[in-house]
Amino acid sequence: MEITEIRVSPAGSKEDKLKAFCSVTFDHCFVVRDIRVIEGSKGLFIAMPSRKLTVRCPGCNFKNVVRSNYCNQCGNSIDRSLSDQVEQGRSKLHADIAHPIVTEFREEIQDSVLDAYDNFLDEEDDYQEERTSERPNRAPERERLEQPAPRGPLEDVERERASEAEFLNKPESTESEESMPPPDDNFSTGIF
């Protein structure tokens with residue numbers, strides 16, 4: 001069997017042990033999804049897709065994860081001996097859905113997936129560098145925007161003051177704020 005395509009999807013943050021999920025296509029006709037790239041104490045390795053082992057509830061026949069004390073559907077107690085029968089000396093709670101039987105083929109898959117993951121990281125780094133180099137230098141604009149607004153009458157003198165009409169590009173009206181009488185109602189009195 002020939003590995004014809006590997007797709008990499010990053011998972012989580014860079015600090016997590018789970019680095020990515022991969023889909024591997026064999027001979028352009030068979031796909032294995034959810035192969036995990038994991039960082040262990042000795043470096044990166046792959047984990048084949050797996051499922052949790054289950055036992056059936058004697059009352060409602062619902063599937064529950066091995067070592068569950070109670071049924072997730074009906075709440076009945078699950079006998080520990082059922083879990084022991086399923087485990088049969090296994091120390092793991094998961095069973096592989098698909099896995100290579102021959103060690104050499106497993107190593108070939110692992111090498112190919114880890115190479116694809118390294119290429120993915122290189123492309124991601126190149127993309128980040130490209131994005132930062134394409135940004136124009138906006139330092140003068142930032143400096144202008146970061147200047148504080150005037151905080152008092154002395155600083156306000158330095159700024160030009162535009163009337164509301166100038167700001168809205170409307171003709172100046174003959175009435176000014178001083179000529180307007182105060183409102184007759186006492187709407188805002190007593191609030192403060």
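The values are calculated or read from the model by the stated rules, or taken from the named source; none is laboratory data. The structure displayed is predicted, hence computed values, not measured ones. Reconstructed Cβ throughout: ideal geometry from the backbone, glycine too, with neighbour counts over all protein chains shown.
A compact table of results
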read-out: Enumeration of residues in segment 1-20 that are within 21 Å of Ile101 (Cα to Cα) and part of a strand (DSSP E or B); value: Ile3, Thr4, Glu5, Ile6
read-out: Residues of segment 27-48 classified as assigned to a strand (DSSP E or B), surrounded by 14 or more Cβ atoms within 10 Å (Cβ to Cβ) and over 22 Å from the mean Cα position of the chain (by Cα), total; value: 1
read-out: Segment 12-31, residues that are among the hydrophobic types (A, V, I, L, M, F, W, C) and closer than 17 Å to Asp115 by Cα; value: Leu18, Ala20, Phe21, Cys22, Val24, Phe26
read-out: Meets criteria (in the same structural domain as Leu121 (by TED's automatic domain parsing) and within 15 Å of Arg106 (Cβ to Cβ)) for Val8; value: no
read-out: Failed item in (1) closer than 25 Å to Glu108 by Cα; (2) basic (Lys, Arg); (3) surrounded by 13 or more Cβ atoms within 10 Å (Cβ to Cβ); (4) at pLDDT below 90, with Arg51 passing the rest; value: (3)
read-out: Among residues of segment 1-15, those that are modelled with pLDDT of 90 or more and under 20 Å from Asp122 (Cβ atoms), counted; value: 7
read-out: Among the residues listed as Ala47, Ala98, Ala116, the single one being in contact with a Pro (Cβ under 8 Å, 6 or more places away or on another chain) and either hydroxyl-bearing (Ser, Thr, Tyr) or in contact (Cβ under 8 Å) with a residue 12 or more places away in the chain (or both); value: Ala98
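This table checks each residue for (1) part of a loop (DSSP other than H, G, I, E, B); (2) closer than 30 Å to Glu5 by Cβ; (3) not assigned by TED's automatic domain parsing to the domain that holds Glu5.
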| site | (1), (2), (3) |
| --- | --- |
| Val55 | no, no, yes |
| Asn61 | yes, no, yes |
| Asn64 | no, no, yes |
| Gly75 | yes, no, yes |
| Val113 | no, yes, no |
| Glu123 | no, yes, no |
| Gln128 | no, yes, no |
